[in-house]
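*Asks:* Here's a structure for you.
Please treat every number below as a calculation from the coordinates, not as lab data. Since we're looking at a predicted model, the values are computed, not measured. Cβ coordinates were reconstructed from backbone atoms using ideal geometry, including for glycine residues, and neighbour counts include every protein chain displayed.
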Amino acid sequence: MSDIAVQDLNVWFDKNHALKNVNITVGGNQITAIIGPSGCGKSTFIRCINRMNDLIAGCKVEGKVIVDGKDIYDKDVDVVDIRKSIGMVFQKPNPFPKSIFENIAYAPRIHGVTDEDGNVHKASKQELAELVEWSLKRAALWDEVKDRLDKSAYNLSGGQQQRLCIARALAIKPEIILFDEPCSALDPIATAKIEDLLIDLKNDYTVLIVTHNMQQAGRVADKTAYFYLGDLIEYGETKQIFENPKQELTEQYITGRMG
Amino acid sequence: MVALKSKKNNRYMRKIFEGGMTGLLLACALVSVLVLLMVFMFLLGNSLPFLQNNDIWQFLTGTHWLPFGDFPSYGILPLFVGTLMVTLVASLIAIPVGLGATIYLSEIASPQVRNVLKPVIEILAGIPSVIYGLFAALVLSDWIMVIFEPNTRLNALNGALILAVMMIPIMVSVAEEALNSVPRNLREASLALGATRWETLKMTIVPAALPGIVAAIILSMGRAVGETMAVIMATGNSTQFTFNILASMRPLTAALAIDVPEATVGSMAYYSLFAVGLVLFIITFALNLVAEYVLARFKEAYH
Ligand SMILES: Nc1ncnc2c1ncn2[C@@H]1O[C@H](COP(=O)(O)OP(=O)(O)OP(=O)(O)O)[C@@H](O)[C@H]1O
Ligand SMILES: [Mg+2]
C-alpha cells in the first residue's frame, strides 16, 4: 500500500499559519493517529492529503505530498483523480439523503468500475450490486442492512451511518483512507465496532485517523503524530509516544497537563 | 419541603404556559386556514346567483366575453386562454433562465459577484408591477414590433415577456435559498468521493434542494397567474378568442380589474365576475396541488 511522504508542508488560511513546515512519512498497511489539542491543525493536515482544502477560499498550501512517488500538488495532477483514490470519513456521519444502496453506488456510478485489465467501463447493474455487497461486508454492515438496501440511509443509527460512510469510501477502491474523528459522535459500543473495523482495514489500506481520544489512539494506532499550534512536535511508535515521549510538549499533552 | 413545593408550583406554571403557547400557535395556524376558507366562501357565495342562472358549460367554453349590454355573453374561454398562454410562455422563459441564474449565483459566482447580484435581484423582486407594466407598454413593445412585426403593439408575447422578467427574481431568491441550505457536509462527502463540482450539483445538491426549487417555480408561476397591473398594461386587453401569441389578449385578472368598476352591484355581470374570480382561485389552488404531488412523488423516490 501507498506510503505518503509529506515535505515542507505549509498551510495558511488568509493570514493564519495553520500548518508550519510539516515533514512526515506515513507508512502503508498501518494506522497512523494524529493527535493534539483543538485547533492545532489535525483536520487541516489530513485534508491536505486529498486536497479538500482546495475548496476553501483563502486557503494556501505550499510543499509536497508525495503518494506513490507523485506529488499530488503538481500542476498536472487532476484533483478529481486524487480524491478518487483516497477515501475520507468525516467527524459527523454524512450519508446522502438516498437509499443505502445508492449511497454506496454513488461513486461507482460516476467513475465506472475497473476490470482485471485495468480498463474502466460503466458499471452494470450486476457489478454495482456486487460492489455494494462487498463494500458493506467490508465495513461490517452487510448483515444489519441487507434486507433494506432500498431504504433511506437516514433510518440507520449514528454508528451504522458512520459504517455506511466507510463502506461508501471503500467502494471507490482507495489505497488510502482518512478518518477525521470518526467516533466522536458515537457511543462506546459503536466506537468499538469502528475500531475493530479500522484494525481490520489496515491489512489492505493506508489508514490515517485524527482522534481526540488518546485511549483510542493507543488501542488502534501503530504510529502516532502529535501536533501543537500547527507544528508537528513528535512522531513515532504509538507505544513510545505514550510511554516515553521525547518532547516536553508531548508529555504535557499525554499526561493531561495541557488543556 | 418548601423547595419541593415551589418546584411543583413551577411545573404547574410551566404546564399552563406551554399549554397556552400551543393554543396560541394553533390559533395562528387556524386563522390562515380560516381566511382561505372565507375567501373561498365569499367567492362561491357571490358566484352562486350567476352559476345557478347560467349554463356552466357555456361559461367555461363560450368564446365571447361580453358581460355588459342587452345581449350579454359570459364565455371565459378567451380569458382563460389568455391567462394560460401568457403564463405558459412566461414560465417557459423564466424557469430555465431563473434556474440557470440560481445555479450561477450559488455555485459559480465568486463571493464578490454574489454580494452585488443578490441585493440587485432582491430589489428587482420588490419593484411595483406598474413599473414593469410601463416598461412593457413603452419599451418592450417597441422591440417586439421590430423583431416580430405583430399586428398590434400590445400583445400576449409582450405580457409573457414582462411576466418572465417579474418571475425570475422571485424564483432566484427562493431557489438560491434552497441550494444554500443544503448542508455543507453533503457537498464535501460528494467531492471527497471524487465527484466533480457538476456531478455534485447534479447528484447531490439539486436533488436535496428540489423541494425548495419546486416551491420557487410554483411561487413564481402563481405570481404570473395572479399578476394584473403589468398584464393590463402590456397585453392590449382585447377579448378575442385566439391562440396567437402575437395577438392582443385579456387574461382573467385583467378582465376582473377592467370590468368590476363597470358592473352594477347585484347585476348578473357583477355575479359573473365573482365566478371569474372563483376560476382564478381554483387555478392557483390547482397549481399548489400539483406542487404537493410533485414533492410527494419526489419523497417516495428518495426514501
Ligand atoms: N475553513 C477554514 N477557514 C479558516 N480557517 C480555518 C478553516 N479551517 C481551519 N481553520 C483554522 O486552521 C487552524 C487549524 O484548524 P483545524 O480544523 O485543522 O484544527 P483541528 O486540530 O482539526 O481542531 P479540532 O480538534 O477542533 O477539530 C485553526 O486555527 C482554524 O481556525
Ligand atoms: Mg478537526
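*Asks:* If you count, for every residue in A:166-178, the Cβ atoms of partner chains within 10 Å of its Cβ, what is the mean?
*Replies:* Taking the mean over all residues of the peptide, I get 1.
*Asks:* Considering Cα pairs under 8 angstrom that are at least six residues apart, work out the relative contact order of region B:65-302 and quote it in whole percent.
*Replies:* Once normalised by length, the contact order is 29 percent.
*Asks:* Can you give the helix-only mean residue ellipticity at 222 nm for chain B, where every DSSP H stretch with n ≥ 4 adds -39500 (n - 2.57) and the sum goes over all residues, rounded to the nearest 500 deg cm²/dmol?
*Replies:* Calculated from helices alone, the mean residue ellipticity at 222 nm is -25000 deg cm²/dmol.
*Asks:* Work out the length of the dipole vector of the protein assembly as shown about its Cα centre, built from +1 on the beta-carbon of each Lys and Arg and -1 on the beta-carbon of each Asp and Glu, and round it to the nearest 20 debye.
*Replies:* 1540
*Asks:* Going by average Cβ density within 10 Å per residue, which order do the peptides A:95-108, A:182-195, B:91-104 take, highest to lowest?
*Replies:* A:95-108, B:91-104, A:182-195
*Asks:* Could you go through region A:93-100 in sequence order and give the Karplus-derived ³J(HN,Hα) for each residue, using 6.51 cos²θ - 1.76 cosθ + 1.60 with θ = phi - 60°, rounded to whole Hz, and x for Gly and Pro?
*Replies:* Computed from phi, the couplings for region A:93-100 are x, 10, x, 6, x, 9, 5, 4 Hz.
*Asks:* Which of the helices in chain B meet the span-like rule: DSSP H, Cα axial reach of 27 Å or more, Kyte-Doolittle mean at least -0.5?
*Replies:* Membrane-span-like by this rule: B:2-53, B:77-103, B:156-180, B:206-226, B:268-302.
*Asks:* Which of the trypsin sites (Lys or Arg not before Pro) across region A:202-259 are loop residues per DSSP, with 14 or fewer other Cβ within 10 Å?
*Replies:* Filter output for region A:202-259: A:Lys246, A:Arg257.
*Asks:* At a 10 angstrom cut-off on C-beta neighbours, averaged per residue, how do the peptides A:161-169, A:30-38 rank from highest to lowest?
*Replies:* Highest-to-lowest ranking by the protection proxy: A:161-169, A:30-38.
*Asks:* Related question: How crowded by other chains is A:97-110, given as the mean number of beta carbons from other chains within 10 Å of each beta carbon?
*Replies:* So the per-residue partner count for this stretch is 3.
*Asks:* Now for a separate question. Any idea what angle helix A:188-201 forms with the longest principal axis of chain A, computed on alpha-carbon atoms, 0 to 90 degrees, nearest 10?
*Replies:* With rounding to tens, the tilt is 90 degrees.
*Asks:* Relative to the longest principal axis of the C-alpha atoms of chain A, give the angle of the C-alpha long axis of helix A:125-138, reported between 0 and 90° and rounded to the nearest 10°.
*Replies:* Helix A:125-138 sits at roughly 40 degrees to that axis.
*Asks:* Still on this structure: From the backbone phi of region A:220-236, what are the Karplus-calculated ³J(HN,Hα) couplings (6.51 cos²θ - 1.76 cosθ + 1.60, θ = phi - 60°) in whole Hz, Gly and Pro given as x?
*Replies:* Result, rounded to whole Hz: 9, 8, 7, 10, 9, 10, 10, 9, 9, 6, x, 9, 7, 7, 8, 8, x.
*Asks:* Then there's this: What shape does chain B have by the C-alpha gyration tensor, where a ≥ b ≥ c are the square roots of the eigenvalues, rounded means a/c under 1.5, and otherwise prolate means a/b greater than b/c and oblate the rest?
*Replies:* Judged from the Cα gyration tensor, chain B comes out oblate (a/c at least 1.5, b/c at or above a/b).
*Asks:* Given Cβ point charges of +1 (Lys, Arg) and -1 (Asp, Glu) and nothing else, what value in debye, to the nearest 20, does the dipole of region A:4-254 about its Cα centre take?
*Replies:* Its charge dipole is roughly 600 debye.
*Asks:* Amide H neighbours of A:Met88 under 5 Å, at least 5 residues apart or on other chains, H built in the peptide plane: list them.
*Replies:* Under 5 Å from the amide H of A:Met88: A:Leu178.
*Asks:* Near A:Lys239, which lysines are there with a Cα under 17 Å away, not counting those fewer than 8 places off in the same chain?
*Replies:* The reachable lysines, counting only those whose Cα sits under 17 Å from A:Lys239, are A:Lys223.
*Asks:* Using Cα atoms only, what is the angle between the long axis of helix A:158-170 and the major principal axis of chain A, expressed in degrees (0 to 90) to the nearest 10?
*Replies:* 80
*Asks:* Amide H neighbours of A:Tyr205 under 5 Å, at least 5 residues apart or on other chains, H built in the peptide plane: list them.
*Replies:* Placed amide hydrogens put A:Asn29 under 5 Å from A:Tyr205.
*Asks:* Give me the lysines in straight-line cross-link reach of A:Lys60: C-alpha distance below 25 Å, same-chain residues under 8 apart excluded.
*Replies:* Correct list for A:Lys60: A:Lys15, A:Lys20, A:Lys42, A:Lys70, A:Lys75, A:Lys84.
*Asks:* Residue by residue through B:182-192, how many Cβ atoms from other chains fall within 10 Å of the Cβ on average?
*Replies:* Mean partner-chain Cβ count within 10 Å for B:182-192: 6.
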